[in-house]
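First up is the structure itself, then whatever we jot down about it.
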Amino acid sequence: MQIARALHLKASPRAVWKILADDYAQVGSWARAVHTFVPNGNAPVPGAPVGGRICTASIGEVTETIELFDPDQMTLMYSAQAKSMPCFGRGLL
């Protein structure tokens with residue numbers, strides 16, 4: 001499954017990259033649906049600050065693993081495992 005979404009923000013690409021990628025494990029500081037968050041124990045891919053994160057969100061526990069991290073291209077790809085899927089992900093598997 002691949003989900004892509006485009007947003008136009010009044011921020012520099014570097015400022016957005018810092019929040020979404022460099023501070024990846026701190027998702028709860030900006031995502032209201034995330035109640036708790038910690039880095040997972042996975043070894044990070046080259047360049048990534050952590051291997052992923054474990055979050056408790058409105059849908060339950062979600063374990064995410066960073067699959068690709070490219071700061072030069074500002075590209076981040078991760079996989080997510082959860083017992084229940086959010087409404088936008090239902091039926092995509």
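The values are calculated or read from the model by the stated rules, or taken from the named source; none is laboratory data. Please read these numbers as outputs of a predicted model, since none were measured by experiment. Heads up, the Cβs are rebuilt from the backbone with ideal geometry, glycines too, and the neighbour counts pull from every protein chain shown. Side chains included, ligands, DNA and RNA excluded: accessible areas come from the protein's heavy atoms. Shrake-Rupley method; radii C 1.70, N 1.55, O 1.52, S 1.80 Å.
Listed values, structure above:
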{"item": "Lone qualifier among ALA15, ALA11, ALA25 - being part of a loop (DSSP other than H, G, I, E, B) and of a type outside the set (Lys, Arg)", "result": "ALA11"}
{"item": "Subset of region 28-54 (residues that are part of a strand (DSSP E or B), open to solvent by 40 Å² or more (accessible area, probe 1.4 Å) and out of contact with any Gly (no Cβ under 8 Å at 6 or more places or on another chain))", "result": "VAL38, ILE54"}
{"item": "Scan of region 1-26 for residues that are more than 17 Å from MET74 (Cα to Cα) and surrounded by 10 or more Cβ atoms within 10 Å (Cβ to Cβ), ordered by number", "result": "GLN26"}
